[in-house]
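Here's the structure, in structure tokens; my notes come after.
The values are calculated or read from the model by the stated rules, or taken from the named source; none is laboratory data. It should be emphasised that the depicted structure is a prediction, and the values quoted were computed from it without experimental measurement. Ideal geometry is used to build each Cβ from the backbone, glycine not excepted, and the neighbour counts take in all protein chains shown.
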Amino acid sequence: MDWSTHYPAFVCPDQDMEAGQPRRMSKQVEIADVGCGFGGLLIALSPLFPDTLMIGMELRTQVLSYVTNRILALRSQHQPQPQSQTQQPSTDPSSLPSPSPPSSSFPPGPLQNISALRTNTMKHLPNYFHRHQLSHLFLCFPDPHFKARKHKARIVSAQLNAEYAFVVRPGGCVYTITDVEELAGWIVGHFSGRKVDGEEEGDDGEETVGGNGADKTKGVEELWERVSEQDLQSDPCVEVMREETEEGKKVSRHGGRKFVSVWRRREDPPWPDEVC
């Protein structure tokens, strides 16, 4: 993945370019917002993690166009030197004049560390990140897909949770929030390894075993552990996720409830001993 057009302030200067190779970056993307919507979360997180690259991943073309124009417009307000001609925002991040290379005397300006791209995360997430690259992954107000036949399209499942475990490093977290109580139970059930009501047997392609009346999805519970409520109170990302996203603000206006759960990536379990 060539990130240079998304984060021009973080491109390594004076490097020898090889044909067909992406430009080398001084940092790698560590925070991803799946279904970023209009970019409220990214913009609010940017000053909290000014030296961390963040990417929003959105499927809807018009929504992506809006959030990209929004980011570029905000970036242009903090250019080191004013431009002689007024430039219209563009959906192409590479169209923005590249700021000077980062250095100790001239750090990147505000909002240079966020960007967005169009993709279907459920199909292509591992194509963008290498193993254990991300420290934070956000799933904010995902589509609940109420009909049972559409549950397979939900952004949380045993298969997708395994992909999240691939890209999130041990100690990193997946942040989830929804205003739908039934979906909140679905999320908790899948991250904790329990089968949930309304799910057909074999939906996740995992073998299950019974125990005390509750089925468990083998292997999932070894990858994730839920962050305690006490730890959530000291995590600034949780408050931003609650109050700064567009959906979060809408839920607050209508007096709705918000169900938050955060899941920390465990260390990889040891490989079983080979049977001779």
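Just a few scattered comments:
- Every residue from the stretch 187-202 that is modelled with pLDDT of 75 or more and over 17 Å from residue 260 (Cα atoms): 193
- Residue under evaluation residue 205, criteria (1) at pLDDT below 95; (2) exposed (fewer than 15 other Cβ atoms within 10 Å of the Cβ); (3) touching a Lys or Arg at 6+ places or on another chain (Cβ under 6 Å), criterion not met: (3)
- Scanning the stretch 112-132 for residues that are of a type in the set (S, T, N, Q) and within 25 Å of residue 70 (Cβ to Cβ) yields 112, 113, 115, 119, 120, 121.
- Unique match (being within 21 Å of residue 36 (Cα to Cα), hydrophobic (A, V, I, L, M, F, W, C) and modelled with pLDDT under 95) among 184, 158, 153, 148: 153
- If you go through the stretch 220-267 and keep only what is under 16 Å from residue 44 (Cα atoms) and without any contact (Cβ under 8 Å) to a residue 24 or more places away in the chain, you end up with 239, 243.
- Selected residue (criterion: surrounded by the most Cβ atoms within 10 Å (Cβ to Cβ)) from residues of the stretch 219-268 that are within 17 Å of residue 48 (Cβ to Cβ) and touching a Cys at 6+ places or on another chain (Cβ under 7 Å): 241
- Among the residues of the stretch 18-32, not a single one is of a type in the set (Asp, Glu), under 19 Å from residue 248 (Cα atoms) and surrounded by 18 or more Cβ atoms within 10 Å (Cβ to Cβ).
- For the stretch 123-164, filtered to residues that are part of a helix (DSSP H, G or I) and touching a Phe, Trp or Tyr at 6+ places or on another chain (Cβ under 7 Å), the residue that is nearest to residue 193 (Cα to Cα) is 161.
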